[in-house]
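One structure below.
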Amino acid sequence: MLQIHNTLTRRKEAFVPIDPENVRMYVCGMTVYDYCHLGHARVLVVFDVVARHLRRVFGAEHVTYVRNVTDIDDKIIQRANEHHEPIDRLTGRFIEAMHEDAAALGVLPPDEEPRATRHMDEIIAMIRTLVEKAYAYVADNGDVYYDVSRFEHYGELSGKRLEDLRAGARVEVDAAKQDPLDFVLWKAAKPDEPSWNSPWGPGRPGWHIECSAMSTSCLGAHFDIHGGGLDLQFPHHENEIAQSEAATGEKFVNVWMHNGFVRIDEEKMSKSLGNFFTIREVLERYDPEVVRFFILNSHYRSPLNYSDQHMDEARAALTRLYTALRGLELPPEAASGEHEARFVAAMDDDFNTPEAIAVLFELAREINRLRESEPAEAARLGAAMQRLGGEIGLLESDPEYYLKGRAPKRITATFTAGVESLGHVARSADINFESLSDTNSFAETSISGSGLTEEEIEDLIEKRAQARMNKDWAESDRIRDLLAAQGILLEDSPQGTTWRRK
RNA sequence: GGCUGAGUGGCAGAGUGGCUAUGCAGCGGACUGCAAAUCCGUGUACCUCGGUUCGACUCCGGGCUCAGCCUCCA
C-alpha cells in the first residue's frame, strides 16, 4: 500500500486516488529565465521517481504527470531587457536547456508540459470568475488582486494565520491593496512591457494564477497530487489553493508533496544568496547518473548537502553497483522475490529511495559472492538489480560504458583521440542530448580525463601482459603507474585485465 | 516575534519500542608477483534532562543547537 507524506496534514497517509484509472499529478516546474540549478535538478529527479513509481503501482497508462513552465514574469522581462532579446527567444532557449539537463539526469518527460503564455485564456477566465465571485477586486492602478480575507482556509497548507502574517514585519505595503497580504492576479501593463488583452485592460498574469489555471485545465478542478520545492509551500501553493478553490468551488488537491532544499555549507542554496551551482556546472565534473544517485540517496524531504566530498562518495558508491554488474551475461528474466519485495516496500513508504538503494547494494554483494560459484544465479540477480535500479532511473547504462568513463567532461590539453575510439555514445545519444549531438564534441568530452584512446589503453595493457608473463614486474608496474597517472585503473583477474576510469 | 522541520557511528544516510540498515573511509584476514577489485571479519551510533514502560535512539514533556518559511526562489 502506497503511503505518501501530505504537507497538508503533516503525516504519511495511505494514497487513495480519486480515480485509479487516471491518477493525476501536477508539479511546479521552472520559471525560465536562467539555467537550472541543483535545486531544480532535485525537483526534476524526485518527481520523476514519484511518477515512475505511480506508473508502476497504477499502470503507466493510468497516470498523468503534468509539469508546467512559467514563461512570463517580472524576472523574465527584466532578463530579456538586459539581453536585448525577445522574451520568447529567451524562454525558448532556457526551456531547451532545461530539457537537455533533465534528459541528462535520466528524467523522463512529463505527459504534459503546459506553458503560461499558451494558457492565457484560461488564466483570464479564472481571474474573471474570481472577480465575479468577489474573491478578487480591481484596484485603482488597474491591477487585479485576490482578497485574502474572503478565503477562510487561507494559511492552512503552510500553517499560518492571517493575523500572524500581518504581524510579520516583512510584508510589503502597497497602496493599491486593500490588505497587504492580498496578492496580484493580473498586472496592468506598463509602457514597453509585453501584454495580453483582458477585461481589465492590457496586462499580464501575476505569479500564482498560472498554476491554478494550467493545473485545472490539464487535470480538472480536483486532482490527486501537487508537488514542488519546499520554498513554494508559501506563498505560491497557498495562493494556488485560494485561487482554485474559490474559483471552482471544489477541493483543489488531495495530497501536497514538497521536496527539501539543496544546501551548500549547511545553508539553503538559492538564487538570492547567489550560492548555487547550475546543473551544467556540476555535469562538467560528474557523470549525470552520479548526480541522480546523489539526489536519490537521500530521502526527498530531507535537506541535501552538496559538496565535492559527497559527490565523490556518490560516485564511489555507484561504481560499486556497476562493478557488480560488470561482465555478467544478464538473462532476460530477472530474479525477483525477497529483494524486489523489499525494494517495492521501500518505495511504497513515501518513496524511500535510500532504503531502496540499500537493497541494490545487498544485491551487489550477493552477486559478487556468487559470481564464481554460481554464475547463472549471479546473472539472474544482476538482471534483478538492473531492473530495480531502472525503476528509479539508475543502472540503465552498459557497465563497461559507465566504468570506462563516459561523462566527466574534463577537457585536457593533451587530447588526441579519434572518434572511432569512442565505443559508446549510448546514454547521451539515446536521450537526444541535443547540445552534445555533435559527435565530435561529445567524443572529446567523453574521452577526456586522460589523453589516451581506448585503443592506446588496450595496447599498453597488452604490453604489460607480456611483461607480466616474463615476470618483469618493474615494467609491469611502470605501465600500470603510467596509466594510473592518466586516471586509468587496472584490475587483474584470472580472466585477464580490465580497466576503468577513476 | 509567529510557524515548520531536524539533531544517528570518522563522513553521508535509512530505520525500529527489545533483534546487522546501506555506502564511503579505517582496521584485521583471504585472494594477488605487488596492487586494484572482490569476499570474510571488525566499530560499545543514536543532542540533553526528565517521564511512560519489564525495556526507548525509537513514545511524551522541558531544554539546547541547527536549518527553513513569514519578501523573489525548486
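The values are calculated or read from the model by the stated rules, or taken from the named source; none is laboratory data. Since this is a predicted model, take the numbers as computed values, not measurements. Neighbour counts are summed over all protein chains in view; Cβ atoms, including those assigned to glycine, are modelled from backbone coordinates with ideal geometry. Just the protein is used for accessible areas: all its heavy atoms, side chains included, with ligands, DNA and RNA removed. Shrake-Rupley method; radii C 1.70, N 1.55, O 1.52, S 1.80 Å.
Scanning segment A:23-64 for residues that are under 28 Å from residue A:305 (Cβ atoms) and among the aromatic types (Phe, Trp, Tyr) gives A:33, A:35, A:47.
Here is a check on your reading of the model: is residue A:263 more than 8 Å from RNA strand B (Cβ to nearest atom) and of a type in the set (D, E, K, R)? Working first, answer last.
Numbers: more than 8 Å from RNA strand B (Cβ to nearest atom): no; of a type in the set (D, E, K, R): yes.
Here the answer is no, as residue A:263 does not meet what is asked.
Could you tell me whether any residue of segment A:369-391 is within 10 Å of RNA strand B (Cβ to nearest atom) and crowded, with 20+ Cβ neighbours inside 10 Å? No: segment A:369-391 contains no residue that is within 10 Å of RNA strand B (Cβ to nearest atom) and crowded, with 20+ Cβ neighbours inside 10 Å.
Just one residue in the set A:186, A:256 is more than 20 Å from residue A:44 (Cβ to Cβ) and either within 14 Å of RNA strand B (Cβ to nearest atom) or not aliphatic (A, V, I, L, M) (or both); that residue is A:186. In summary, residue A:351 fulfils each of the numbered conditions (1) part of a loop (DSSP other than H, G, I, E, B); (2) modelled with pLDDT under 95 with the single exception of condition (2). Based on what the data block shows, is residue A:281 over 20 Å from residue A:358 (Cα atoms) and in the same structural domain as residue A:378 (by TED's automatic domain parsing)? Criteria not met by residue A:281.
One residue stands out in segment A:260-272 among those that are under 30 Å from residue A:405 (Cβ atoms) and surrounded by fewer than 20 Cβ atoms within 10 Å (Cβ to Cβ): the one that is modelled with the highest pLDDT, namely A:263.
Of the residues making up segment A:315-323, at least one is open to solvent by less than 20 Å² (accessible area, probe 1.4 Å), under 19 Å from residue A:46 (Cα atoms) and not polar (S, T, N, Q).
Of the helices (runs of 4 or more DSSP H) contained entirely in segment A:58-177, those carrying at least 3 residues that are touching a Cys at 6+ places or on another chain (Cβ under 9 Å) and open to solvent by less than 50 Å² (accessible area, probe 1.4 Å) fall at A:87-104. Select, from A:201, A:249, the only residue that is farther than 18 Å from residue A:152 by Cα and out of contact with any His (no Cβ under 6 Å at 6 or more places or on another chain). Criteria check complete, one pass: A:201.
Scanning segment A:273-284 for residues that are crowded, with 17+ Cβ neighbours inside 10 Å and of a type in the set (Lys, Arg) yields nothing.
The criterion of being part of a helix (DSSP H, G or I), more than 15 Å from the chain's Cα centre (by Cα) and not polar (S, T, N, Q) does not hold for residue A:52.
A quick yes/no check of all residues on (1) hydroxyl-bearing (Ser, Thr, Tyr); (2) within 16 Å of RNA strand B (Cβ to nearest atom); (3) at negative phi:
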residue: A:140; (1), (2), (3): no, no, yes
residue: A:146; (1), (2), (3): yes, yes, yes
residue: A:156; (1), (2), (3): no, yes, yes
residue: A:163; (1), (2), (3): no, yes, yes
residue: A:192; (1), (2), (3): no, no, no
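Of the residues making up segment A:479-502, those that are near RNA strand B (Cβ under 10 Å from one of its atoms) and basic (Lys, Arg) are A:480, A:500, A:502. Being open to solvent by less than 60 Å² (accessible area, probe 1.4 Å), in contact with a Leu (Cβ under 9 Å, 6 or more places away or on another chain), more than 18 Å from residue A:45 (Cα to Cα) and more than 8 Å from RNA strand B (Cβ to nearest atom) is a property that does not hold for residue A:360.
Cβ-Cβ under 7 Å, sequence separation 6+ or interchain: first residue in segment A:375-400 and free of Cβ contacts under 8 Å to residues at least 40 places away in the same chain, partner open to solvent by less than 60 Å² (accessible area, probe 1.4 Å). Which pairs? What qualifies is A:398/A:426.
Residues that are among the β-branched types (Val, Ile, Thr) and crowded, with 24+ Cβ neighbours inside 10 Å within segment A:217-259 comprise A:225, A:241, A:253, listed in sequence order. Restricting attention to segment A:384-401, the residues being at negative phi and either of a type in the set (Gly, Ala, Ser) or assigned to a helix (DSSP H, G or I) (or both) number 12. Would you say residue A:24 is of a type outside the set (A, V, I, L, M, F, W, C), surrounded by fewer than 22 Cβ atoms within 10 Å (Cβ to Cβ) and more than 17 Å from the chain's Cα centre (by Cα)? Spelling it out, it is not the case that residue A:24 is of a type outside the set (A, V, I, L, M, F, W, C), surrounded by fewer than 22 Cβ atoms within 10 Å (Cβ to Cβ) and more than 17 Å from the chain's Cα centre (by Cα). Looking only at segment A:180-194, residues that are among the acidic types (Asp, Glu) and at pLDDT 90 or above come to 2 in all. Of all residues in segment A:198-218, those that are under 19 Å from residue A:140 (Cβ atoms) have Cβ atoms under 7 Å from Cβ atoms of residues that are of a type outside the set (Gly, Ala, Ser) and assigned to a helix (DSSP H, G or I), 6 or more apart or on another chain, in A:198/A:124; A:199/A:128.
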